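Written out below as structure tokens is the structure these notes cover.
The values are calculated or read from the model by the stated rules, or taken from the named source; none is laboratory data. Every value quoted in this text rests on a predicted model; they were computed, and no experiment measured them. A quick note on method: Cβ atoms are made from the backbone with ideal geometry, for glycine too, and the neighbour counts reach across all protein chains shown.
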């Protein structure tokens, strides 16, 4: 039955893919075995991250990109990532729109993921879901995230091309985007560029990008104006992505990304196992320390060192 | 000489406090010993976090709060936290303004901290700096951060009262504040409340807060309108903080915060030591695996498990 599931995933069977993703999301026992068996078939998909503030038009742009990739003969998977928050109820509403447009298209797979409470786990689950889709043969994987939290940043950092969508009103959002997103973006889109302020934002962005240290393998981020709902500028964006893809293939960065994702998965797993194992043995010592009044406790560093060296 | 430093810190000697903070920031050898020796004298200061988007007036509000706390006879330390980013050059400019106002006041200590590159380290360093100031006798510690990144969130989560400053134009920022900040705030300030839109934001905020799950120990966050530059509403904010302080003292939450900070410090240290120790032994195995082509590698989970069980 298990070999059957793997076989069907490799054939691109959508129900089997969906089932495997659910197993990964639910952290079920067979998760490790499924991911490990699929692993040799991963490392082929091109991974694109799309992010930006709410209302910037991420869903419309994702929708148009799906169409353009499909027209060029590529299969596309979309992973919508939404860290849990009471304020983002509507963030993944875009799904429904896309579902309608691409509903009948067997070359498109769409899945939304939300945090199930586990701190830090969402970015890992997202990667594992992408690996399943990669092994299932999807050639393009689009990650769509909202906002600028650490999870979104982690997701973006594990993609090959990072696209940040802004709107003319986003002047302040650029300031908010300080947590490292700006530095990892390869393409900026000014969507709704028919509105006032588009040219001003364009100039501001160009100036900021000019002052950035070069940390992107000699790739100078491009800035593209779009009106996604009308399709304006979408060809520019599409060819911009292709250009960046060619660039990172030539510089070897694509291979480095693949290696880094591998190492990150190993390290994340090790870190979890080390912590679990350590605290299952030392839980009691911490508990006893907590029973003392604060000023009678062993100082934190000393306690850490004494527990560690036992 | 070391005992001398500790003695002078305990006497509140500003130069000695500054020296100890530099030792912590630079991760010098004596850091552990200084923090451990000071530890029994910590756990007395009340810790307040102030955050919000750039331009919201955090510095003005911090400045006025310092004055109000000083008038009520409390000594105050301010830690400005700024994760490194090329976009935040101006974020801590506020320091200079405050320095002028409170320059001659020996009961005020101000320090800015920026990331020195080490991922995740800034939040720890900030805590350790606060512990030094706590041991030096500062009764109020204000943490001022910009933005909504993970570091800022970590810093806020380690305080007793979290204040989020917004401006009437912040409607969109509320949406951006999804990474958990909204859920941990105890007080919202609508600054520059003489501008258009203040009442609308007030209503929006109240509605959102009403829909939040109760995760704050039965504390319903207050929303306060201010015009900090004129001092309007500052008394309300000041008494709002006092009210929250009384609340968490009565519910025992204050003690829980203290315990959580202690545990977090132990766990962070353990996690670092576990990782360092593990990878110093297994670095070579990972390196060898990376030399193989991607599809010939041991799947990440299996590699992790095999390295871990060795």
Selected residue (only one of A:216, A:206, A:243 is at pLDDT below 95 and either outside the structural domain of residue A:185 (by TED's automatic domain parsing) or closer than 29 Å to residue A:129 by Cα (or both)): A:216
Hey, residue A:166 under 27 Å from residue A:75 (Cα atoms) and modelled with pLDDT under 95 or not: yes
Residue within segment B:274-293 that is within 30 Å of residue B:35 (Cβ to Cβ), within 11 Å of chain A (Cβ to nearest Cβ) and under 24 Å from the mean Cα position of the chain (by Cα) present: no
Residue in segment A:1-21 that is at pLDDT below 90, out of contact with any strand residue (DSSP E or B) (no Cβ under 6 Å at 6 or more places or on another chain), surrounded by 17 or more Cβ atoms within 10 Å (Cβ to Cβ) and within 14 Å of chain B (Cβ to nearest Cβ) present: no
Some residue of segment B:218-241 being surrounded by 13 or more Cβ atoms within 10 Å (Cβ to Cβ) and within 8 Å of another protein chain (Cβ to nearest Cβ): no
Residue check for residue B:74: surrounded by fewer than 19 Cβ atoms within 10 Å (Cβ to Cβ), at pLDDT 95 or above and in contact with a strand residue (DSSP E or B) (Cβ under 6 Å, 6 or more places away or on another chain): yes
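Which is free of Cβ contacts under 8 Å to residues at least 40 places away in the same chain and not assigned by TED's automatic domain parsing to the domain that holds residue A:130, of A:236, A:259, A:232?
Working: A:236 fails: not assigned by TED's automatic domain parsing to the domain that holds residue A:130; A:232 fails: not assigned by TED's automatic domain parsing to the domain that holds residue A:130.
Step by step, each of A:236, A:259, A:232 is checked, and only A:259 is free of Cβ contacts under 8 Å to residues at least 40 places away in the same chain and not assigned by TED's automatic domain parsing to the domain that holds residue A:130.
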Test: residue A:269 is under 30 Å from residue B:283 (Cα atoms) and buried (at least 18 other Cβ atoms within 10 Å of the Cβ): yes
Residues within segment A:286-305 that are surrounded by fewer than 16 Cβ atoms within 10 Å (Cβ to Cβ) and assigned to a helix (DSSP H, G or I), tallied: 6
